[in-house]
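This report refers to the structure that appears directly beneath it.
What follows draws every value from the coordinates through simple rules; no lab data is involved. Keep in mind that this is a model prediction, so the values were computed, not measured. Quick reminder, even Gly has a Cβ in these numbers, built from the backbone with ideal geometry, and neighbours come from all protein chains shown.
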Amino acid sequence: MTLTGSTRLAGVIGWPVAHSRSPRLHGFWLQTHGIDGAYVPLAVKPGAIEAALRGLAALGFAGANVTVPHKETVASCLDTLSDSARRIGAVNMVTVTADGRLLGDNSDAFGFLENLKAGAPGWPADRPAVILGAGGAARAVCVGLIDAGVPVLRVANRTRARAESLAADFGSRVEVHQWERRHDILAEAGLVVNTTSLGMTGKAPLEIDLDRLPDDGVVTDIVYAPLMTPLLRAAQARGNRVVDGLGMLLHQARPGFAAWFGTEPEVTPALRDFVAADLTS
Ligand code: ATR
């Protein structure tokens with residue numbers, strides 16, 4: 001890669017940031033499209049986030065993704081928040097305008113839905129969806145599903161109060177259920193989403209009995225390491241369509257790349273393979 005005097009710059013802000021797959025992902029697109037740009041990891045300590053964001057504008061960066069632990073805290077340092085960032089209560093991308101203002105946005109709901117559409121075309125959006133977990137990822141999933149017109153969102157979380165808070169924020173379409181009843185609420189569901197960290201490499205699997213899930217119910221996981229979680233394996237074994245979580249990571253990156261480098265990128269099998277290769281190595 002040869003950088004020039006007019007290279008466009010973007011990156012990912014996190015602490016730690018070394019685990020982020022975003023530089024690899026954006027790097028693939030930059031190379032594929034022959035763009036004079038660079039996307040770099042930016043390790044920013046929690047106390048330095050405001051200075052770092054102002055620095056982005058001062059240094060002429062086009063923008064940056066924002067990841068843990070900054071997603072919920074950056075909002076107060078930004079000039080404008082998109083509707084989606086406001087509703088989700090987190091920012092995962094910042095764009096610097098020509099006059100140096102900072103716009104906060106969140107592409108996680110978009111990435112979640114695009115992944116679902118690509119992986120399970122025609123998924124039954126007209127039936128209840130079951131959301132397991134009520135953390136930050138669940139908020140993005142809820143916003144996506146509400147916008148997709150899903151009539152009822154059945155949320156079950158180990159800590160019930162967090163599910164109640166989702167219901168308070170997102171309205172009457174969100175139903176709160178006991179974590180222990182997660183097996184029963186699968187009846188008539190068109191979609192099941194695991195937004196908990198259960199099933200991730202090194203963590204316990206998500207224990208759930210899928211017997212009540214209709215045959216055409218789609219099961220998706222936001223966990224992408226491993227790609228096929230125990231939940232997805234169990235669902236696939238009984239004939240349900242499954243969508244792994246890697247696609248959400250890939251699709252959520254599209255709006256940032258388009259905004260900062262001026263080209264609409266595509267999620268292709270080659271990109272998936274390239275990013276997936278790094279998950280196992
Ligand atoms: P994220 O922002 O990625 O969603 P998070 O806010 O820490 O991360 O949320 C993690 C989710 O996984 C939560 O719903 C959490 O449940 P609690 O709210 O009860 O903590 C869920 N989770 C993590 N470990 C779990 C476990 N052993 N059993 C059930 N749920 C678990």
Set of lysines with alpha-carbon distance to K203 below 26 Å, sequence-local pairs under 8 removed: K71
Counted charge near T268, where neighbours are those whose Cβ lies closer than 14 Å (Asp, Glu -1; Lys, Arg +1): -2
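What do you get when you divide the Cα radius of gyration of the chain by 2.2 N^0.38 Å, with N the number of residues? The partial results should precede the final answer.
Numbers: Rg = 19.0 Å, N = 281, 2.2 N^0.38 = 18.7 Å.
So the Cα radius of gyration is 1.01 times the expected 2.2 N^0.38 Å.
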The stretch 97-208: Rg to Rh, with Rh as the Kirkwood radius over Cα pairs: 1.02
The stretch 1-82 - Rg (one decimal) and Dmax (whole number), Cα, Å: 13.1, 36
Positive-end residue, the stretch 1-97 charge dipole about Cα centroid, Cβ charges, pick of T2, G55, A18: A18
Net charge, A109 excluded, C-beta distance under 14 Å - Lys, Arg +1, Asp, Glu -1: 0
Counted charge near H183, where neighbours are those whose Cβ lies closer than 13 Å (Asp, Glu -1; Lys, Arg +1): -1
